[in-house]
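Here's the structure we're looking at; comments come further down.
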Amino acid sequence: MNKNFLKEFGKYLIAGGTAFVFDVGILYVLTEYFEVHYLVSAIFGFAVGSIVAYFLSVNWVFTNRVLKNKKLEFWVFTVIGLIGLGLNEILLWIFTDKLFFHYLFSKIVSTAVIYFWNFFARKFTLFR
């Protein structure tokens with residue numbers, strides 16, 4: 001692995017951590033204070049976290065961009081995120097409803113998986 005790849009991976013970890021704070025914060029507030037089902041709350045949290053991740057990714061994490069059209073880039077970024085959202089919802093459901101973990105613990109586990117999906121999918125499709 002080259003030095004730039006490791007630098008981007010580390011920056012994406014920080015960007016992902018920032019997005020995670022927004023994601024989990026919204027999940028928690030909607031679920032605990034507004035009594036929204038955790039899977040619905042997770043969609044809203046994931047959406048806000050994805051927007052945070054997009055802006056950090058294009059402005060700070062990745063130096064090389066494949067697409068010059070920013071609208072197309074955003075849509076590809078979003079499609080990758082939607083696949084991540086689907087994986088997130090499935091993992092949350094399995095860990096929470098089938099394995100009986102607390103939904104916040106389930107979110108931490110799913111985030112670890114989704115982090116790698118998002119990084120590698122975005123790195124190799126958008127930011128080579």
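Here are some notes:
- Its relative contact order, with pairs defined as Cα atoms under 8 Å and 6+ residues apart, puts the range 1-122 at 26 percent.
- Exposure rank, largest accessible area first [L91, L27; 1.4 Å]: L91, L27
- Spatially close lysines, pair count over the chain: Cα under 15 Å, gap of eight or more or interchain: 5
- Note on the chain: helix-only mean residue ellipticity at 222 nm, from DSSP H runs of 4+ residues weighted -39500 (n - 2.57) and normalised by residue number, equals -27000 deg cm²/dmol.
- Of all accessible heavy-atom area on the range 1-110, the percent that carbon and sulfur account for (1.4 Å): 75
- Summing charges over all other residues whose Cβ lies under 12 Å from the Cβ of L91, with Lys and Arg as +1 and Asp and Glu as -1, gives 0.
- 14 Å beta-carbon shell around G17, net charge (K/R +1, D/E -1): +1
- Cα gyration tensor shape of the range 1-70, rounded if a/c is under 1.5, else prolate or oblate by comparing a/b with b/c: prolate
- Of the DSSP H helices in the chain, those whose Cα atoms cover at least 30 Å axially and whose Kyte score averages 0.0 or more: 3-33, 70-93, 103-125
- Accessible area per residue in Å² at 1.4 Å probe, computed on the chain: 58
- Across the range 39-128, Cα-Cα pairs more than 14 Å apart make up 65 percent of the total.
- At full extension, N59 and V21 could sit 11.8 nm farther apart than now, given 0.36 nm per residue minus the alpha carbon distance.
The values are calculated or read from the model by the stated rules, or taken from the named source; none is laboratory data. In this text the structure is predicted, and so the values were computed from the model without any measurement. Note that each Cβ is placed from the backbone with ideal geometry, even for glycine, and that neighbours are counted across all protein chains shown. Please note that ligands, DNA and RNA were not included when accessible areas were found on the heavy atoms of the full protein model with its side chains. Shrake-Rupley method; radii C 1.70, N 1.55, O 1.52, S 1.80 Å.
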